[in-house]
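The values are calculated or read from the model by the stated rules, or taken from the named source; none is laboratory data. Computed from a predicted structure; not experimentally measured. Neighbour counts are summed over all protein chains in view; Cβ atoms, including those assigned to glycine, are modelled from backbone coordinates with ideal geometry.
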Amino acid sequence: MIRHSITWILAILPVFLSPGVLSQTVDLNNKRFDIPLVQEAPVIDGRISPGEWDRATIIEDLHETTPIEFSATEERTVFRVMYTEDALYVSAYVYDDPNQLTAAVLRNETSLRWEDRVGIIIDPFNNKRSGYQFLTNPNGVRHEAIYTSATSQSFDWATIWEADAEVVEDGWTAEMEIPFKSLTFDPQNDTWGVNFTRDQMSSQSAMAWYSYNAQTNPANSGEMSGLRNLNQGVGLDLIPSFSTDFRENHVAGSSDTELNPSFDLTYKLSSSLNLTMTWNTDFAATEIDDIQLDLDRFSTRLAEKRSFFLTDMDIFEFGSSVGRFNNSTQDPFNSRNIGLNNGTPVDLTGGAKLSGRVAGFDVGSLIIRQEEINNIDPTNIYIGRVKRSILSQSELGAIFTEGDPASNDSSSTIGVDFTYRNTQLANNRSFVSNFWIQQSDNPGVDGNDSAWYLDFDYPSSDSWYISARVEEVEENFDPRLGFSNRSGARQYFATIGDNHILINNPLLQKISYSLSGIQYNYLDNGDLQNRNFYLNALTLESPGGDEFQFNISDQVQVLRPGERAPLAGLGVIIPPGEYEYTRYQLNLSSSESRPFSVSLDGTVGDYYSGRSWESEAGVNWKPNANLSFDFSYEYTQYDMPGQTVDTRVVEFENVITFSPSLSIVNLIQYENVSDTIGFNSRLRWNLQSGQDIWFVLGHGMRDEDEDGDFTDLESTATFKIRYTLRY
């Protein structure tokens, strides 16, 4: 199989030597302006009314970032920006054919990935490393993100701001109000990093005021100056909330009702340093996780969705992910370990978080107390984080964690990380490299408890790219407050690929190829643990956003006695030994910018001692902005010696949106490993930004005898109200 992989490399090597698409030159040195202070704020109604924006600075020299960077845009976009002492104001006049707009999303804080949209990126510290993004579509939907590093962001973060929009005869208009109370910044710094963006679905093109290597982020932005005497008020947010939770256990024949008042407080000790406190923390209205069957050799990680832990999450980010692949499985701090026990909420008495930027340092400190559960005593948890900006775009940091929410042991982890970043290389290229080292300290463990990691990434959107990494995790490394799914192994990874942009082709817009290889070796004797050569033989993207992909993987898996074996949860026994096999994958997907879209994915080939084939189908239908339906079906069949087993995961989501502030999300999930089906209905009334009412119904059932007859497990009903008082 190895010689086949070498043949693949030789076959596609010529594409790596091809040049990128040539485009016009844009002078990025002049991307700066002065922002005016105005005394009267505009009314945020989506209409650019006469006189409201007369004193604003006008920004309209946008260029295309994709598919052909720095080329002229087909349609005009006119941004206007100004500020009062209390808020930053942005408007956009987006010229377009109103009949060609994609505006199917009406619910606030929902992904706008497949929508016509405009946005602003701001870097209040102008440090090229941190910042925020605010987006809206022709329906005036709010969607915001925080940059967890200079080049990556999280849309799970939320804050208080306002937006509205209106469709007009020659396009659409939008207005935004971003209160300074919602931002962290240095009041002595009157120059912020800034960028303006637009995405047009009819042409599948992206536009921006500033870009480099097709990237728009804090590392690639212009500047706006003149922000002085900004008012954050007292800097105090009081957030009382109240929930009532009814649960009925149908198996035990019991029921109970809980009344849970809770209270959060955020106080700005300074414009750049926040104190966040919580009492009787309540996550009753948090969205539920998607089903993930954990049947592989190594466990999977779930994303954080709880608002308390998302606040200033960028400060606590360790070992920034910069590559086009998930580059590390080890993390000293994973907030999902706190307040959850096997997915079940655990009461948190309270906690406090201090986070912000002081004298060139990013600092974060989190203290929280988790209450008793399942013979585990109440646990005190502490996380400390500090980062320092060095060179022009790089960072050096350290982290310390203490506590173990899953046992009565004492446990701690310490780590140091360094990120080198240069996004302004010649020929429109960039380079990023990460290094970190961690060590855990647990009872009864003496030595072999550290891990380290090094990577580099040389990306490109329209030419060849390359990235590589090496990681070593010793046998006893165990960050109890973090995440680690593999130990006693060293990892090697590399990928090389090429992107071709086609000009004026009615059928194809982009052709891509790549080859990657990953290998793990046992540390104790250097033997192979597993190896995977992965060839993306061909990826085709149409001008409309449709995609075709064909992949081949050549794998070697070595399973030792006593190790976690795949499919153990299905009762399949895979004997220890070495397994070598090849798998083939085909993917077809149509653009979700259309009212109706589908995706089909199939993988087939040998699998350890047998064979398997996987299929996944998805259907998305958005008849209008008030109604959407998502259906997905995953089926995998394993033909192993002496037995055949299969897994099925079905998910159906229906969203009914009455307005950006009022919606109902209905979710049904089923998987056949535990033969459970769950129903969840979540009504949210967002009275205004920061003020919410939720009503959530849930019901779980199980097919105990696998005869198609489901019995009730648990029913829940939750009502929650949250109100933000801002001073």
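Residues in the stretch 517-554 that are of a type in the set (A, V, I, L, M) and either buried (at least 17 other Cβ atoms within 10 Å of the Cβ) or out of contact with any helix residue (DSSP H, G or I) (no Cβ under 9 Å at 6 or more places or on another chain) (or both): Ile518, Leu523, Leu528, Leu535, Leu538, Leu540, Ile552.
Yes/no per residue for (1) buried (at least 18 other Cβ atoms within 10 Å of the Cβ); (2) modelled with pLDDT of 95 or more; (3) within 30 Å of Thr136 (Cβ to Cβ):
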position: Val619; (1), (2), (3): no, yes, yes
position: Tyr635; (1), (2), (3): no, yes, no
position: Asp639; (1), (2), (3): no, yes, no
position: Gly642; (1), (2), (3): no, no, no
position: Phe652; (1), (2), (3): no, yes, yes
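Only one entry of Thr102, Thr136 meets the criterion of being within 20 Å of Thr73 (Cβ to Cβ), surrounded by 24 or more Cβ atoms within 10 Å (Cβ to Cβ), in contact (Cβ under 8 Å) with a residue 40 or more places away in the chain and assigned by TED's automatic domain parsing to the domain that holds Thr159, and that entry is Thr136. Here Ser91 passes the criteria (1) closer than 22 Å to Val141 by Cβ; (2) of a type outside the set (A, V, I, L, M, F, W, C); (3) more than 29 Å from the chain's Cα centre (by Cα) except the one numbered (3). If the condition is being in a strand (DSSP E or B), under 23 Å from Asp498 (Cβ atoms) and not hydrophobic (A, V, I, L, M, F, W, C), then the stretch 520-545 contributes Asn532, Tyr534, Asn536, Thr539, Glu541.
Taken together, Phe196, Phe185, Phe125, Phe155 contain a single residue that is at pLDDT 95 or above and of a type in the set (Phe, Trp, Tyr), which is Phe196. Taken over the stretch 575-593, the residue count meeting the criterion of being in contact (Cβ under 8 Å) with a residue 60 or more places away in the chain and closer than 30 Å to Pro623 by Cβ is 3.
Among the residues of the stretch 637-696, those that are among the hydroxyl-bearing types (Ser, Thr, Tyr) and under 27 Å from Ile239 (Cβ atoms) comprise Thr657, Ser659, Ser661, Ser663, Ser681, Ser689. The residues of the stretch 175-206 that are assigned to a strand (DSSP E or B), buried (at least 22 other Cβ atoms within 10 Å of the Cβ) and either aliphatic (A, V, I, L, M) or not assigned by TED's automatic domain parsing to the domain that holds Ala92 (or both), listed by number, are Met176, Ile178, Val194.
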